[in-house]
Amino acid sequence: MRLHDDLIAEDIGAYLEAHEQKSLLRFITCGSVDDGKSTLIGRLLYDSKMIFEDQLATLEADSKKVGTQGDSIDFALLVDGLAAEREQGITIDVAYRFFATQKRKFIVADTPGHEQYTRNMATGASTADAAILMIDARKGILTQTRRHSIIATLLGIRHLVLAINKMDLVGYEQSVYDAIVADYQAFAEVLPGKLDIVPIPISALAGTNITERSPETPWYAGPSLMDYLETVEIAKEAETLPLRMPVQWVNRPNLDFRGFSGQIASGRVRPGDRIRSLPSGRETTITRIVTASGDLDEAVAGQSITLTFADEIDTSRGDVIAAATQPPEVSDQFQVKLLWMSEQPLLPGRRYFLKSGTRTVSATVNAPKHGIDVNTMADTAARTLELNQIGVTTIALEQPIPFDPYTDNRLTGSFILIDRQTNDTVALGLIDFSLRRAANIHWQALDITREALAEQKNQQATVLWFTGLSGSGKSTIANALQKRLYAMGRHTFILDGDNVRHGLNRDLGFTDADRVENIRRVSNVARLMTDAGLIVLVSFISPFRAERQMARALMAEGEFIEIHVDTPLDVAEQRDVKGLYKKARAGEIRNFTGIDSPYEPPLNPELRINTVGQSAEDAAEEILKFLAWRGVFEI
Amino acid sequence: MLYSIGKDSAVMLHLAIKAFYPSRPPFPLLHVDTGWKFREMITFRDRKVKELGLELLVHINEDGVREGVGPFSHGSAYHTDVMKTAGLKQALDKYGFDAAFGGARRDEEKSRAKERIISVRTAGHRWDPKRQRPEIWNLYNTRLQKGESLRAFPLSNWTELDIWQYIRRENIELVPLYFAAPRPVVDWNGTMIMLDDDRVPPDIAVQATTKSVRFRTLGCYPLTGAVESTATTLDDVIQEILLTTTSERQGRAIDKDQAASMEKKKQEGYF
């Protein structure tokens with residue numbers, strides 16, 4: 001690290017303290033294969049005196065052996081680290097290089113130019129503040145230039161340097177430079193976000209306009225490349241955003257201490273701050289910011305800390321600690337942009353793992369709404385996404401996650417998809433927005449409870465579960481009861497085989513397994529309706545005790561009323577309103593309850609209704625009285 | 001956590017202690033000994049681990065010990081392959097670790113510059129540079145197939161200067177070998193090595209002289225080149241490093257064995 005800085009020799013302590021204060025700029029170089037990226041980076045390292053004598057000796061030897069510059073140094077050899085790359089002369093993977101000047105420290109990701117390595121470029125871009133787009137002055141704007149511009153800006157890079165390279169090969173002609181700049185600016189109209197685009201005419205090989213302005217381009221008045229990199233303002237944007245800290249680990253050294261460890265993704269935090277833990281939506285106050293070097297008065301984005309809470313609220317790995325006044329949304333369905341990074345194309349409808357922050361959940365990816373043409377940003381038709389393709393689609397998660405749109409927050413709006421079989425990282429994703437706001441329910445649940453929703457309707461949420469043979473009179477009684485309830489101003493809904501099997505459960509048949517699934521779905525729908533405060537009349541044969549028990553277990557305590565419509569088989573068969581018994585007896589319908597499939601009568605139903613010698617209206621009246629007695633409502 | 005006793009290991013361990021505070025790091029340290037480490041390193045290791053109250057696992061390749069493998073008798077390449085690379089694989093298999101932290105940095109060497117922070121190794125601990133998972137933002141994919149393991153390199157983006165600066169800021173204790181002192185040294189195959197014990201062949205040992213030297217990296221003593229120096233304080237050492245004209249790994253014999261040697265070693269499972 002041969003930094004030519006007199007301070008090193010004079011006062012090493014002062015030098016180190018100054019170095020510690022230098023800001024860090026992360027940037028990427030991207031462009032087409034022969035545009036000279038690696039040469040540029042080699043040049044930057046060389047000119048900032050970052051190359052040691054032993055490295056230089058190796059470089060000189062290698063340059064003569066495999067170099068493309070005759071007896072001159074081939075800077076590209078300094079950077080292309082892998083043996084395969086040196087042989088083929090291409091950069092296949094992202095390589096990170098580090099250098100520092102008197103003003104700044106730099107991490108540069110040298111990203112591959114080949115189209116088949118677009119994903120590697122995106123990798124480099126995801127953590128960069130600026131991008132250097134290499135353009136060969138002889139060739140102008142190419143497909144790759146456009147694609148890389150779009151990927152870089154989609155991933156949130158706002159500072160673009162247009163490094164128009166190999167100016168020495170076009171005689172340092174201003175007209176060539178101007179034409180390329182004009183071309184690019186016309187294209188840049190389609191790029192997302194507010195961009196800072198700075199064109200610089202350079203020659204990486206000759207060193208033109210790299211560290212200082214060169215006499216070869218007297219017509220150029222802008223900064224040298226190094227000047228620009230040293231001075232470009234990187235807004236500490238993350239610190240100004242609302243607090244977000246994904247919990248990495250619950251820190252419990254002993255019974256007296258419970259802290260939440262993680263790295264602050266955005267914002268700042270102080271003891272006394274009100275926070276909300278998501279997705280639970282619980283709020284509490286920060287008591288301490290614990291670190292090994294002592295408690296802190298304040299911590300900001302980028303710091304790794306342990307927080308303690310005033311209240312014992314349920315928070316675990318994967319949850320997000322956020323500013324109570326500006327919490328992220330919580331949702332399980334999103335519109336997203338995906339960049340596909342696997343040779344195996346997207347399989348719409350397939351389940352992948354989704355990792356966002358410190359949380360991994362199961363996700364189903366739907367067919368793309370459309371693709372994005374990386375040359376024009378225009379929408380294209382797409383049924384799937386292939387390697388290196390970008391598209392817009394929707395995803396559904398098994399559990400809701402806290403998030404911000406990517407354009408608001410790079411760390412809480414991003415995710416990766418992982419193949420469940422191969423464990424490969426198959427896509428990167430940017431969240432556009434949620435399709436429904438599970439979030440709002442979660443935190444408003446603190447105010448508007450299910451009890452409040454029932455109270456608003458002046459009733460108690462209840463499931464009336466009518467079970468009995470086909471033709472026993474379940475639906476007739478339920479209909480009669482609903483009319484009475486409606487007339488009384490009660491809020492009700494009927495779920496029966498007919499309305500559910502036509503839509504929600506139309507994929508189910510009548511095998512035992514399908515019947516179980518049928519009941520499981522119906523029970524869950526009924527449960528949601530009770531959460532909404534409704535009186536739900538479920539009219540299903542539901543022949544198995546176990547499934548009725550499952551439905552009962554799903555409901556809140558006391559909200560499940562099992563009504564056995566107890567009509568003997570011979571009576572039901574005699575009625576045979578829909579002619580089904582006849583068909584079953586004839587063998588035209590299989591698995592028919594009571595004929596070739598068993599019916600298990602309830603042992604202790606809340607109510608048993610005898611339909612022999614009693615009309616449906618009388619039965620409804622009987623149930624009504626029972627409900628009033630139970631306190632479901634007042635008559 | 002792989003613990004090699006060197007300065008990068010010291011920094012990594014310090015970070016782990018800070019990260020888990022007030023708990024202790026919930027994993028043991030693993031030192032793959034080759035039988036040829038500087039004696040001062042071993043003394044330092046044992047004292048440090050005791051002070052911190054951490055669990056230390058030490059593994060040495062017993063097959064190599066039985067064969068009497070050593071750098072003088074077998075050469076640096078074979079010694080490193082048996083005692084370091086094979087020893088490490090043995091240790092990881094023996095304890096069944098599916099993840100191991102290492103202190104490697106991308107600025108050390110060209111093929112390291114392309115290594116991921118989370119690097120997946122096959123059942124045979126091999127590294128395939130063409131099948132690396134993309135690492136986007138700070139989202140690391142740590143899922144493994146049966147038999148696979150991963151190496152995690154938390155210091156990937158640190159430079160040598162960052163390491164020294166952090167040691168200085170956090171007051172991290174180092175093995176005294178990093179600081180200049182009069183030591184018996186001798187030239188062996190162009191590298192100035194220290195006579196750390198009586199296993200140096202007599203014909204070489206006899207030429208030893210005492211010089212004021214220090215070490216930039218620490219490994220097996222016959223394979224680690226000393227540099228002449230009078231830097232006895234941390235600031236002096238950092239100053240010398242910043243003014244030097246050769247790279248850190250220049251003192252390492254193994255990097256020069258063959259072109260692209262580190263990449264090849266890594267593919268074979270070297271850390």
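Quick rundown of the values:
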read-out	value
Neighbour-count order for B:ASP196, A:ASP432, fewest beta carbons within 10 angstrom listed first	A:ASP432, B:ASP196
Sites A:THR384 and A:TYR486, calculated FRET efficiency, Cβ-Cβ separation with R0 41 Å, nearest 0.05	0.25
Charge dipole magnitude, Cβ of K and R +1, D and E -1 - region A:238-323, Cα centre, debye nearest 20	160
Dipole moment magnitude, nearest 20 debye, region A:551-603 about Cα centre, only Lys, Arg, Asp, Glu C-beta charged	380
Likely footprinting exposure, A:THR143, A:THR39, A:THR364, fewest C-beta neighbours within 10 Å first	A:THR143, A:THR364, A:THR39
Protection proxy ranking, peptides A:162-170, A:182-190, average beta carbon neighbours within 10 Å, highest first	A:162-170, A:182-190
Region B:120-132 - phi-based ³J(HN,Hα) in whole Hz, Karplus 6.51/-1.76/1.60, Gly and Pro as x	7, 10, 6, 4, x, 6, 7, 10, 10, x, 8, 10, 7
Kirkwood Rh in Å, taken over region A:450-630 so that all alpha-carbon pairs contribute	16.7
Counted charge near A:THR364, where neighbours are those whose Cβ lies closer than 12 Å (Asp, Glu -1; Lys, Arg +1)	+1
Highest to lowest packing among A:280-286, A:568-574, scored as the average C-beta count within 10 Å	A:280-286, A:568-574
Equivalent-ellipsoid semi-axes of region A:336-401, from the Cα gyration tensor, Å, largest first	22, 12, 11
Vicinal HN-Hα couplings computed from phi for region A:449-454 (Karplus, 6.51 cos²θ - 1.76 cosθ + 1.60; Hz; Gly/Pro x)	8, 5, 5, 4, 5, 6
Region A:238-323: Cα Rg divided by the 2.2 N^0.38 Å rule of thumb	0.96
Kirkwood-based shape ratio for the protein assembly as shown, expressed as Rg/Rh from alpha carbons	1.08
Test item: Cα-centred dipole of region A:465-609, Lys/Arg +1 and Asp/Glu -1 on Cβ, debye	360
Residues with amide H under 5 Å from that of B:ARG121, placed H, sequence gap 5 or more	B:SER149, B:LEU150, B:ARG151
Shielding of A:394-402 by partner chains, average beta-carbon count, 10 Å	0
Relative contact order computed over chain A (Cα-Cα under 8 Å; 6+ residues apart), in percent	8
Dipole axis of the protein assembly as shown (+1 Lys, Arg; -1 Asp, Glu on Cβ), positive-most option in A:SER342, B:LEU52, A:GLY468	A:GLY468
Lysines with Cα under 27 Å of A:LYS22, excluding same-chain neighbours fewer than 8 positions away	A:LYS37, A:LYS49, A:LYS103, A:LYS105, A:LYS194, A:LYS236, B:LYS7, B:LYS18, B:LYS110, B:LYS114
222 nm mean residue ellipticity, helices alone, for chain B (DSSP H n ≥ 4; -39,500 (n - 2.57); rounded to 500)	-8500 deg cm²/dmol
Rg/Rh ratio calculated on Cα atoms of region B:176-252 (Kirkwood radius)	0.97
Within straight-line cross-link reach of A:LYS582, aspartates and glutamates at Cα separation under 19 Å, skipping those fewer than 8 residues along the same chain	A:ASP570, A:GLU573, A:ASP596
Percentage relative contact order, region A:331-443, counting C-alpha pairs under 8 Å, at least six apart	38
Peptide B:159-167, shielding by other chains (average Cβ, 10 Å cutoff)	3
Net charge over other residues, Cβ less than 14 angstrom from the Cβ of A:GLU634 (K, R count +1; D, E count -1)	+3
Percentage of interatomic Cα-Cα distances in region A:384-431 larger than 12 Å	70
In Hz, Karplus ³J(HN,Hα) per residue of region B:29-46 (6.51, -1.76, 1.60; θ = phi - 60°; x = Gly, Pro)	9, 10, 10, 8, 7, 10, x, 10, 6, 4, 4, 4, 5, 5, 4, 4, 4, 5
C-alpha long axis of helix B:7-20 to longest principal axis of chain B, angle in °	40
Average partner coverage of A:10-19, which counts Cβ from other chains inside 10 Å	4
Anchor B:LYS211: aspartates and glutamates whose Cα lies under 15 Å away (excluding residues fewer than 8 positions away in-chain)	B:ASP187, B:ASP196, B:GLU228
Relative contact order of chain B, pairs being alpha-carbon contacts under 8 Å that are 6 or more residues apart, as %	21
Cut-off under 5 Å, modelled amide H: who pairs with A:LEU435 long-range	A:GLN333, A:PHE334, A:GLN335
Rh by Kirkwood over Cα pairs, then Stokes-Einstein D for chain B at 1.567 mPa s and 4 °C, µm²/s	67
Cα point-scatterer Debye curve for region A:269-316, base-10 log of I(q)/I(0) at q = 0.15 Å⁻¹	-0.38
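Quick note: the coordinates plus some simple rules give every number you see, no bench work behind them. As the structure is a prediction and not an experimental result, all values here were calculated from the model. Heads up, the Cβs are rebuilt from the backbone with ideal geometry, glycines too, and the neighbour counts pull from every protein chain shown.
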